[in-house]
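Notes for the one structure printed next.
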Amino acid sequence: MKKLLRLHLASFAVATTLLFSGSAWAFEPQGAKSTKAASTATTAPTAQEIADAKAKGLVWVNTSTKVYHKDGQFYGTTKHGKFMTEADAQKAGYRAAQEPAASKKSTSSSKK
């Protein structure tokens, strides 16, 4: 009886090891693959690339926040982003960045 129990436990251990050996080590969460691809594919644009994009009228799309910038301190400087036309950004579901509060005040007071 003990010999049969040992044989059964040994075969169960071997079967479990074979079942999980390949798939358990190869498992990678879905988000991990896309994060690696996004971090390696996106490089920070150079000052020349930023100037060229401004001259062409392109916006800088922050792909992680889904906001696009027409100008300002975040134009071409966010960690994850790319240049595209404003129309393409809107079609892709990005929204325009809000103006800073200081420039809104100066704009509203100048209209009076």
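Here the gap between K70 and L9, fully extended at 0.36 nm per residue and compared with their Cα-Cα distance, gives a gain of 15.3 nm. Close amide H partners of M84, meaning residues 5 or more places away or on another chain with modelled amide H under 5 Å apart, are V59, V61. Subtracting the Cα-Cα distance of T43 and A55 from 0.36 nm times their residue separation leaves 2.3 nm of extension gain. Residue ranges 65-74, 43-52, 87-96 sort as 65-74, 87-96, 43-52 when ordered by packing (mean number of other C-beta atoms within 10 Å per residue, highest first).
Throughout, read-outs are computed from the coordinates displayed, never taken from laboratory work. Every value quoted in this text rests on a predicted model; they were computed, and no experiment measured them. All Cβ positions, even for glycine, are placed from backbone atoms using ideal geometry, and neighbour counts span all protein chains on display.
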